[in-house]
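Everything below concerns the one structure shown next.
The values are calculated or read from the model by the stated rules, or taken from the named source; none is laboratory data. Keep in mind it's a predicted model, so treat the numbers as computed, not measured. All Cβ positions, glycine included, derive from the backbone under ideal geometry; neighbour counts span all protein chains shown.
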Amino acid sequence: MKNKVNEIQISYKEKVSTLKSPKIKSSQDTAKLLFEHWNENTIGLQETFKVLLLNNSNKVKGVYELSKGSITGTMVDLRILFAVVLKSLSVGLILAHNHPSYKLKPSEADIRLTKRIKKAAQFFDIMVLDHLIIAPNGEYYSFADNSLI
């Protein structure tokens, strides 16, 4: 008797052509787009971590919400992050999370996480272009603009 093994199928389909997608040229472009994708009713209540997926021309393929957490933090599972990045065939990404406290300064944990993600991304030839911290009022902090990436 043969052992049955599940066959794994992987698929990805873009709903909107990247030809019509916005091109990211600055942290300001990124912050504006991401703020529009945040739930205005919860951005001041709990931290959420999102990733902006990009093609080789820095055109947006999509925004993926990776995790929701508490008032002061959220967990990021690198395995899930890279499963999404690889499945979507993205070559660039921008990380983002909100600080309900309005404090835009990155914590040591934010900096360590960014370094871990960047190091893992290099293994797959994926560029981590920025990490933004977004406040409930739309103000933001860019790691790239502050030479932390």
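Some observations on this one:
- Test result for Ser142, more than 19 Å from Met75 (Cβ to Cβ) and modelled with pLDDT of 95 or more: yes
- Qualifying residue in region 121-128 (condition: among the polar types (S, T, N, Q) and either within 20 Å of Glu36 (Cα to Cα) or surrounded by 13 or more Cβ atoms within 10 Å (Cβ to Cβ) (or both)): no
- Subset of region 70-90 that is part of a loop (DSSP other than H, G, I, E, B) and touching a strand residue (DSSP E or B) at 6+ places or on another chain (Cβ under 7 Å) - its residue that is modelled with the lowest pLDDT: Thr74
- Residue check, Tyr64 among the aromatic types (Phe, Trp, Tyr), within 13 Å of the chain's Cα centre (by Cα) and in a strand (DSSP E or B): yes
- Restricting attention to region 116-133, the residues being closer than 18 Å to Asn98 by Cα and assigned to a helix (DSSP H, G or I) number 1.
- Given (1) modelled with pLDDT of 95 or more; (2) buried (at least 17 other Cβ atoms within 10 Å of the Cβ); (3) not in a strand (DSSP E or B), number of the condition Pro136 does not satisfy: (1)
- Candidate set from region 42-55 (those that are touching a strand residue (DSSP E or B) at 6+ places or on another chain (Cβ under 9 Å) and farther than 15 Å from Asp130 by Cα); member that is modelled with the lowest pLDDT: Thr42
- Taking the criterion of being touching a Pro at 6+ places or on another chain (Cβ under 8 Å) and not in a loop (DSSP other than H, G, I, E, B), the only residue of region 91-101 that qualifies is Asn98.
- In region 57-96, the residue that is surrounded by the most Cβ atoms within 10 Å (Cβ to Cβ) out of those that are under 23 Å from Ser27 (Cα atoms) and hydroxyl-bearing (Ser, Thr, Tyr) is Ser90.
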